[in-house]
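The values are calculated or read from the model by the stated rules, or taken from the named source; none is laboratory data. Because the structure is predicted, anything quoted here is derived from the model rather than measured. Cβ coordinates were reconstructed from backbone atoms using ideal geometry, including for glycine residues, and neighbour counts include every protein chain displayed. The protein model used for the area step is the full one, side chains on, heavy atoms only, and it has no ligands, DNA or RNA in it. Shrake-Rupley method; radii C 1.70, N 1.55, O 1.52, S 1.80 Å.
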Amino acid sequence: MKDLFQPLNFSCGVSLKNRFMLAPLTNTQSHTDGRLSDDEYHWLTMRAEGGFGLTMTCAAHVQAVGQGFPGQLGVFGDEHLEGLSRLANGIKS
Ligand SMILES: Cc1cc2nc3c(=O)[nH]c(=O)nc-3n(C[C@H](O)[C@H](O)[C@H](O)COP(=O)(O)O)c2cc1C
């Protein structure tokens, strides 16, 4: 465990600043159509501010009929792009 605070570099060029990773945790905070909510944005960016090298969202559904639970994040339509981009930028910053 001596490398926990060392960067982790992937061959694709992506790099994590440490090896702490937030596991996907069901937060049931997305809107009913899968769009990101402000509560979800704040919850996940607060985790990133805590210093995780990688902050994962909950499991997300990739088509409307694939929703696993109410409040699940969606990744299948143009309507999701704004929230997902905002979330990725917020976590990165
Ligand atoms: C409350 C809760 C919600 C979870 N939600 C998800 C989820 O949305 N997607 C997923 O892939 N795993 C989910 N998991 C599984 C966790 O991401 C993780 O894999 C599991 O807790 C085992 O972690 P560990 O290997 O560090 O012990 C959830 C676990 C818990 C306790």
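A few comments on the model shown:
- Subset of segment 50-67 [β-branched (Val, Ile, Thr) and either within 13 Å of the ligand (Cβ to nearest atom) or surrounded by 15 or more Cβ atoms within 10 Å (Cβ to Cβ) (or both)]: THR55, THR57
- Search result, residues across segment 8-32 that are within 13 Å of the ligand (Cβ to nearest atom) and of a type in the set (Gly, Ala, Ser): ALA23, SER30
- The residues of segment 25-58 that are closer than 18 Å to GLU79 by Cα and among the small types (Gly, Ala, Ser), listed by number, are SER30, GLY34, SER37.
- Selection status of ARG35, within 16 Å of the ligand (Cβ to nearest atom), open to solvent by 70 Å² or more (accessible area, probe 1.4 Å), of a type in the set (D, E, K, R) and part of a loop (DSSP other than H, G, I, E, B): no
- For segment 57-73, the set of residues classified as in a helix (DSSP H, G or I) and either among the basic types (Lys, Arg) or touching a residue at least 24 places away in the same chain (Cβ under 8 Å) (or both) consists of ALA64 only.
- Residue within segment 19-26 that is basic (Lys, Arg) and either touching a residue at least 60 places away in the same chain (Cβ under 8 Å) or outside any loop (DSSP other than H, G, I, E, B) (or both) present: no
- Of the residues contained in segment 43-52, one or more are found to be in contact (Cβ under 8 Å) with a residue 40 or more places away in the chain and touching a Gly at 6+ places or on another chain (Cβ under 6 Å).
- Which numbered condition GLY13 fails, given (1) open to solvent by less than 70 Å² (accessible area, probe 1.4 Å); (2) in contact (Cβ under 8 Å) with a residue 24 or more places away in the chain: (2)
- Residue in segment 42-49 that is among the hydroxyl-bearing types (Ser, Thr, Tyr) and either open to solvent by 80 Å² or more (accessible area, probe 1.4 Å) or within 15 Å of the ligand (Cβ to nearest atom) (or both) present: no
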